[in-house]
Amino acid sequence: MNQQSLLKSGEVRKRINSLIKSTPPVLVEVRFPKAATSSDWYLCQEESELDEIIEHLGPGSEVHVSSVWDLTNGKGDLCLKR
Amino acid sequence: MGRKFPVSELTELIRVVALSKDEFKLSEFMLRKSENGLSLFARVEKPSPAEVIEAVRLMGKRGDLIAVSLKPRDIRNMGLTIVQTPGGTGNEEVNAIHFELRLPFFRRLWIRLRRIPVHEYFNESYSHKLFRAALVLT
């Protein structure tokens, strides 16, 4: 997981888009750290679905994207921070 | 962090949960791998629980959100420690009343020596107790 990645980081976004295209769907976890609430979870088949999720996020939230085909998460997930 | 809020003055703590079929779930009280403690806010008049829910909603949390409350006395009786830490919302007033429920120092040391991850121990030992103790705020 790359915790330093920012939402505008083109490199991480490219890797996420590549993951969605090559092995859909992807599992998306939206975390709200230090906000006294649990994560929201989504399955995305298309980039546009992920865009819609990200569009609604405010400062402080984090998006973690993993392949559903590798739930052991050996490579770690891809993280975008708002 | 803003003002220090004395833990001894806490009367109630709240957590924002999403309702599913008019119920909230045990998973609302579980830690993720990266977390050391369960995040909660103090219940105070200003900011009110409604303002806390709104701050969480503005972060992007979706669903039918409500606040559930936990009594500090119940939490201490379970053996957990209440620690004030900065909140992560976009509202500074709300962030100033943020707390975490953590394992006491010697318990953390004990489980570390046994190589048990904190989140696994917390989820197995405390999540169901916190779930049972939580009451919906009316």
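No lab work stands behind these numbers, since they all come straight from the coordinates. These numbers come from a predicted model, not from an experiment. Note: ideal-geometry Cβ built from the backbone for every residue, glycine included; neighbour counts use all protein chains shown.
Here A:Asp51 fulfils each of the conditions (1) within 9 Å of the chain's Cα centre (by Cα); (2) within 16 Å of A:Lys14 (Cβ to Cβ); (3) free of Cβ contacts under 8 Å to residues at least 60 places away in the same chain apart from (1). The listed residues are B:Ile66, B:Ile53, and the only one of them that is surrounded by fewer than 19 Cβ atoms within 10 Å (Cβ to Cβ) and either touching a Phe, Trp or Tyr at 6+ places or on another chain (Cβ under 8 Å) or under 24 Å from A:His56 (Cβ atoms) (or both) turns out to be B:Ile66. Within the stretch A:21-48, being touching a residue at least 40 places away in the same chain (Cβ under 8 Å) and crowded, with 19+ Cβ neighbours inside 10 Å holds for one residue alone: A:Val26.
Which of the residues spanning the stretch B:15-50 are farther than 24 Å from B:Glu124 by Cβ and crowded, with 17+ Cβ neighbours inside 10 Å? Residues satisfying the conditions are B:Phe41, B:Ala42, B:Arg43, B:Val44, B:Pro47, B:Pro49.
Residue count for the stretch B:1-32 satisfying the condition of being closer than 25 Å to B:Arg108 by Cβ and more than 16 Å from the chain's Cα centre (by Cα): 4.
Does the stretch B:96-137 hold any residues that are in contact with a Ser or Thr (Cβ under 6 Å, 6 or more places away or on another chain) and either more than 12 Å from chain A (Cβ to nearest Cβ) or part of a helix (DSSP H, G or I) (or both), and which are they? Matches in the stretch B:96-137: B:Arg102, B:Pro104, B:Leu135, B:Leu137. Which residues, counting only those in the stretch A:22-65, are of a type in the set (S, T, N, Q) and either part of a loop (DSSP other than H, G, I, E, B) or within 13 Å of chain B (Cβ to nearest Cβ) (or both)? If the condition is that a residue be of a type in the set (S, T, N, Q) and either part of a loop (DSSP other than H, G, I, E, B) or within 13 Å of chain B (Cβ to nearest Cβ) (or both), then A:Thr23, A:Thr37, A:Ser38, A:Ser39, A:Gln45, A:Ser61 are the ones that fit.
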